[in-house]
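Here's the structure we're looking at; comments come further down.
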C-alpha cells in the first residue's frame, strides 16, 4: 500500500510543470525516505533529480519500495484540475496499475478523485557522484530566469564564467553579443535577494540556453537558485523545495570541437 | 564550433 498526503498540494503542481517539458514519461520511486525521480531528457543531455522527503508529507505510508511509472503530460492534465490551495493525496495498491489522486479544498467542501492508469517504464538510473564544485553561486531565482530569457533574445548558448569579480553570463548571436555580470551582493535584511558567489577556482563553461530556459520553469518553487560548476562536470541548477527536498537539473556542457 | 556533450559522458549507469 502506498498513500501520501501533501497539504501544500501546489508544490506537486509546480514540480510537474517544471519538468514536463524535458521529460515525457518517468518513474516516481517511492520508499520510506520519500518520493524521488530521476530522468534524462530524450537527447540525454540533461538529467533531472527530484527528492521529496517523507517527513515533508502530513501522512506518508509506503509499505515496500515501488516505482510508479507515469506519463507527465497526463499527470499535468490531472493536477490542473486541483486548486492551488488543495490538499493532494496519492494512493496506489501494491501491484495495482492505477494511481488515485484525491484533491481536497482547504475547507473540505469539495473533494475530487481521479484514477490514472500507470505505465511500465524502463528507465536507466545513473550514479551521480558527490562532487566538490569549483564555483557555487546562489542567486534570486527570478534574476536567473530573467538572465536566461534576456540572453535567448540574442543567442543560443550561454558562457557562464565565474571569477573573483563575479559571475558573467555571455552570449553571441547574429545581431551581436551580450554580457550580464552579477556581483556578490549580500542583503542581510532580505537574504532571498542575495547573490553569493563561492569560488575555489575560476571556471568557465558553455551551455545551451534552450535547456537553461527549460530549467527556469521551476522558478516558482523557490526564491533562490543554486548553480554549481566545475570545469569537467555538468552544471547543477538546484531549486530547493521548502523543508522537503530539491529539484536539481544537471546539464552537460558544450565543448570546443 | 561547439559540440554538445551527453550526460552519459559524465555519470555512470548504476
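Read the figures in this text as sums done on the coordinates, not as results from a lab. This one's a predicted model, so the numbers in the text were calculated from it and none came from an experiment. Virtual Cβ from ideal backbone geometry, glycine too; neighbours counted across all protein chains shown.
A simple spin-label model places the labels of residue A:33 and residue A:85 3.6 nm from each other, with each point 7 Å out along Cα-to-Cβ.
Kindly give the semi-axes, whole Å and largest first, of the ellipsoid equivalent to the range A:1-54, taking each as the square root of 5 times a Cα gyration tensor eigenvalue.
Computed over the range A:1-54, the values are 21, 13, 9 Å.
Can you give the angle from 0 to 90° between the axis of helix A:141-152 and the longest principal axis of chain A, with both taken from C-alpha atoms, to the nearest 10? Around 60 degrees separate the two axes.
Packing here is the average count of other Cβ atoms within 10 Å per residue, and on that basis the peptides A:60-68, A:246-254, A:116-124, highest first, run A:246-254, A:60-68, A:116-124.
In degrees between 0 and 90, to the nearest 10, how far off the longest principal axis of chain A does helix A:10-19 point, with axes built from Cα atoms? The angle comes out near 60 degrees. Rg then Dmax, both in Å and based on the Cα atoms of the range A:50-155: 18.9, 52. The eigenvalues of the Cα gyration tensor, multiplied by 5 and square-rooted, give the range A:89-242 an equivalent ellipsoid with semi-axes of 37, 20, 17 Å from largest to smallest. Rounded to the nearest 5, what is the percent of antiparallel bridges among the DSSP beta bridges in the range A:1-140? Counting DSSP beta bridges with both partners in the range A:1-140, the antiparallel share is about 100 percent. The Kirkwood hydrodynamic radius of chain A, based on inverse pair distances between different Cα atoms, is 19.5 Å.
Our helix-only sum for chain A, with -39,500 (n - 2.57) per DSSP H run of n ≥ 4 divided by its residues, gives a mean residue ellipticity at 222 nm of -4000 deg cm²/dmol.
Protection proxy ranking, highest mean first, for peptides A:131-139, A:170-178: A:131-139, A:170-178, where packing is the per-residue count of other beta-carbon atoms within 10 Å, averaged.
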